[in-house]
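Report on the following structure.
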Amino acid sequence: MPRWESGSRERLADAALGLFASQGFERTTVAEIAAAAGLTERTFFRYYADKREVLFAGQDDFEALFLTGLAGSSATAPMDLVAAALENAAGFFPDEKRAWSRARQEIIAANPALAEREQHKMSALATTLTAALVDRGVEETTAALAAEAGVSVFRRTFAAWIAPGQTGSFDTLQREILAQLRALLAHDS
């Protein structure tokens, strides 16, 4: 077996997802994942710290997309800055990742510890966005409200995007949901 086989990370992730779905997250071992991918446990640990990381890898890249979008925006209104962050982050979810993302979410929803970690990930994103907005001069409470609203838009978009039968692109769905939030806020003013 070659030492650095191309596509190993993806093969491991696909094997893990299949095993998690068929036999449960808790009952799946790293050895089984590696074997199903045709790789060694050592190779697994080159890419992932543990089996949970298969589901949560890329958090820093994920957050960086939001921050890059926010930083690159010339907007000054908090929700316009959040919209720029959301728009940039939509690229993390191409249509070819929809089935994998749907399966991933089913596994997370079936395991309370994984669901808690997913909640923590969203909370960390809101905290990161709040800090970035404050750095842009937005008052702290306003920044926190805008960030939390942005995370809510993201979560609602993700749920819609992975829904059975959904064919709309992530960015289109996200723009629609953000428009709904803006309409709601304008109506309540």
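The values are calculated or read from the model by the stated rules, or taken from the named source; none is laboratory data. Just so we're clear, the structure is a prediction, and the values are computed from it rather than from any experiment. With ideal geometry, Cβ positions are generated from the backbone for all residues, glycine too; neighbour counts draw on all protein chains shown.
Select, from Leu81, Leu86, Leu125, the only residue that is surrounded by 18 or more Cβ atoms within 10 Å (Cβ to Cβ), in contact with a helix residue (DSSP H, G or I) (Cβ under 7 Å, 6 or more places away or on another chain) and under 30 Å from Thr28 (Cα atoms).
Details: Leu81 fails: under 30 Å from Thr28 (Cα atoms); Leu86 fails: under 30 Å from Thr28 (Cα atoms).
Leu125 is the lone residue from the list that is surrounded by 18 or more Cβ atoms within 10 Å (Cβ to Cβ), in contact with a helix residue (DSSP H, G or I) (Cβ under 7 Å, 6 or more places away or on another chain) and under 30 Å from Thr28 (Cα atoms).
For segment 143-168, a residue qualifies if it is farther than 20 Å from Glu63 by Cα and either assigned to a helix (DSSP H, G or I) or not hydrophobic (A, V, I, L, M, F, W, C) (or both), and the qualifying residues are Ala160, Pro164, Gly165, Gln166, Thr167, Gly168.
For Ala126, the test of being touching a Lys or Arg at 6+ places or on another chain (Cβ under 9 Å) and either at pLDDT 95 or above or among the hydrophobic types (A, V, I, L, M, F, W, C) (or both) is failed. Suppose we keep only residues that are among the aliphatic types (A, V, I, L, M) and within 18 Å of Ala57 (Cβ to Cβ) within segment 104-121. Which one would you say is surrounded by the most Cβ atoms within 10 Å (Cβ to Cβ)? Going through the qualifying residues, I end up with Ile108. For segment 100-127, a tally of residues being over 16 Å from Leu173 (Cβ atoms), out of contact with any Leu (no Cβ under 7 Å at 6 or more places or on another chain) and either of a type in the set (A, V, I, L, M, F, W, C) or outside any loop (DSSP other than H, G, I, E, B) (or both) returns 18.
If I filter segment 169-181 down to residues being in a helix (DSSP H, G or I) and in contact with a helix residue (DSSP H, G or I) (Cβ under 7 Å, 6 or more places away or on another chain), which single residue comes out as nearest to Asp95 (Cα to Cα)? Once the filter is applied, the top-ranked residue is Phe170. Go through segment 10-56 and give me each residue that's in contact (Cβ under 8 Å) with a residue 40 or more places away in the chain and more than 17 Å from Ala99 (Cα to Cα). Within segment 10-56, Gly24, Phe25, Glu26, Arg52 qualify.
I'd like the full set of residues that are within 22 Å of Phe92 (Cβ to Cβ) and surrounded by 15 or more Cβ atoms within 10 Å (Cβ to Cβ), limited to segment 22-50. It would help to see each step written out before you state the result.
Narrowing segment 22-50 to residues within 22 Å of Phe92 (Cβ to Cβ): 47-49.
Selection gives Tyr47, Tyr48.
Okay, residues lined up against (1) closer than 19 Å to Leu86 by Cβ; (2) in contact with a Pro (Cβ under 9 Å, 6 or more places away or on another chain):
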| site | (1), (2) |
| --- | --- |
| Glu106 | no, no |
| Ala115 | no, no |
| His120 | no, no |
| Val134 | yes, no |
| Ile162 | yes, no |
| Ser169 | yes, yes |
| Ile177 | yes, no |
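Taken over segment 131-142, residues that are without any contact (Cβ under 8 Å) to a residue 60 or more places away in the chain and either part of a helix (DSSP H, G or I) or in contact with a helix residue (DSSP H, G or I) (Cβ under 6 Å, 6 or more places away or on another chain) (or both) amount to 5.
Do we have Asp60 as surrounded by fewer than 20 Cβ atoms within 10 Å (Cβ to Cβ) and not in a helix (DSSP H, G or I) here?
On the way: surrounded by fewer than 20 Cβ atoms within 10 Å (Cβ to Cβ): yes; not in a helix (DSSP H, G or I): no.
Spelling it out, it is not the case that Asp60 is surrounded by fewer than 20 Cβ atoms within 10 Å (Cβ to Cβ) and not in a helix (DSSP H, G or I).
Tell me the residue from Phe170, Phe158 that is surrounded by 15 or more Cβ atoms within 10 Å (Cβ to Cβ), over 25 Å from Ser74 (Cβ atoms) and not assigned by TED's automatic domain parsing to the domain that holds Leu12, please.
Details: Phe170 fails: over 25 Å from Ser74 (Cβ atoms).
Of Phe170, Phe158, the one residue that is surrounded by 15 or more Cβ atoms within 10 Å (Cβ to Cβ), over 25 Å from Ser74 (Cβ atoms) and not assigned by TED's automatic domain parsing to the domain that holds Leu12 is Phe158.
In summary, Gly165 fulfils each of the numbered conditions (1) small (Gly, Ala, Ser); (2) surrounded by fewer than 20 Cβ atoms within 10 Å (Cβ to Cβ); (3) modelled with pLDDT of 95 or more with the single exception of condition (3).
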